[in-house]
1. Sorted by mean Cβ packing within 10 Å, highest first, what order do the peptides 202-212, 244-254, 104-114 take?
2. What is the log10 of I(q)/I(0) for the chain, computed with the Debye formula using one identical point scatterer on each Cα and no solvent, at q = 0.07 Å⁻¹?
3. When the helix-only estimate is applied to the chain (DSSP H runs of n ≥ 4, each -39,500 (n - 2.57), divided by the residue count), what is the mean residue ellipticity at 222 nm, nearest 500 deg cm²/dmol?
4. How many percent of DSSP beta bridges within the range 1-114 run antiparallel, rounded to 5?
5. Once neighbouring chains are kept in place and the probe is 1.4 Å, which whole percent of the accessible area of the chain is contributed by carbon and sulfur?
6. Using the Cα centre of the range 159-280 as the reference point, and only Cβ charges (+1 on K/R, -1 on D/E), how large is the resulting charge dipole? Debye, rounded to the nearest 20.
7. On alpha carbon coordinates alone, what is the Rg over Rh value for the range 1-75, Rh being the Kirkwood radius?
8. Would you work out if the range 186-282 is rounded, prolate or oblate? Take a ≥ b ≥ c from the square roots of the eigenvalues of the alpha-carbon gyration tensor; rounded if a/c is under 1.5, else prolate when a/b is larger than b/c, oblate otherwise.
Amino acid sequence: MHPLVFQTDFGLADGAVSAMYGVAYCVDPGLRIHDLTHDIRPYNIWEASYRLIQTINYWPAGTVFVSVVDPGVGSDRKSVVIKTGSGRYIVTPDNGTLTHVLRLEGIAEARIIDEHINRLPDSGECYTFHGRDVYAYTGARLAAGIIGFEGVGPEIPVEELVRLPIVEPYLDEKGVHGTIDVLDIRFGSLWTNIPRKLFLETGVEYGDRVSITIEHDHQTVYRNIIQYAKSFADVYVGEALAYVNSLDCLALAINQGSFARAYNIGTGNAWRITVAPFKGYF
């Protein structure tokens, strides 16, 4: 028996998530079911991918994650289960949700869900709720030990899994460059894809000032000098800072404020950021 963790873009305003719970408990009432989040922005596959890599390594090996952000439900997109390099499982549509896991964690094996075996009985005429009928059901059977990984369905090459486009961070004479991948939703911090080790190659140390330039579709939307700090308490309330987040990447925040809301900053590959040591001029 392993933990079963659900992630969706369903929200909690209706019964969709509860129905998934019910299916899982009907498979085995002894399951331990948990929520990663159900507040992924509707249809936002990129965010679903990021929240998985933010979370999975803090769960025991054998944990089964069910991630359902599925704008292509009912189409010919594949339904898959993967095993990560560290022995966790993810049940999800093959639509790019596994992008960050592929890039940062690694995937050892992948299998297509055989719906002749792994589908909620008497649900075959429903084509719009695979989260309940296929993913929750398959995830529960795997977590409960009713099926092993081989019982999911036929194996497919990991290289065939769908990946979303990634802009790799890099360092040059102008500074370190990356993208704003996702927001710390509740507090409005900006989480970049710039790893701490790459950022530190600029020679910056805690307490130094850094110049920040943020562009959206090649238009500058933010330019300022802020402090590189260990934590929010190192700056005044309302002051901006750069810091290292829980994924060991560079992030920007306003102490007790929302950076994203203050400057109307979004996320994705079109949002580019450049960070450089402040030398007394732009």
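1. The most tightly packed comes first, giving 244-254, 104-114, 202-212.
2. -0.30
3. Counting only the DSSP helices, I get -4500 deg cm²/dmol.
4. Working: 10 of 22 bridges.
Taking every DSSP beta bridge with both residues in the range 1-114, the antiparallel ones total about 45 percent.
5. 51 percent
6. The dipole magnitude comes to about 380 debye.
7. Taking Rg over the Kirkwood Rh, I get 0.96.
8. Details: a/c = 1.29, a/b = 1.09, b/c = 1.18.
Since a/c stays below 1.5, the shape of the range 186-282 is classed as rounded.
The values are calculated or read from the model by the stated rules, or taken from the named source; none is laboratory data. A quick note: this is a predicted structure, and the numbers were derived from the prediction, not measured. All Cβ positions, even for glycine, are placed from backbone atoms using ideal geometry, and neighbour counts span all protein chains on display. Note: areas computed on protein heavy atoms with side chains; ligands, DNA, RNA excluded. Shrake-Rupley method; radii C 1.70, N 1.55, O 1.52, S 1.80 Å.
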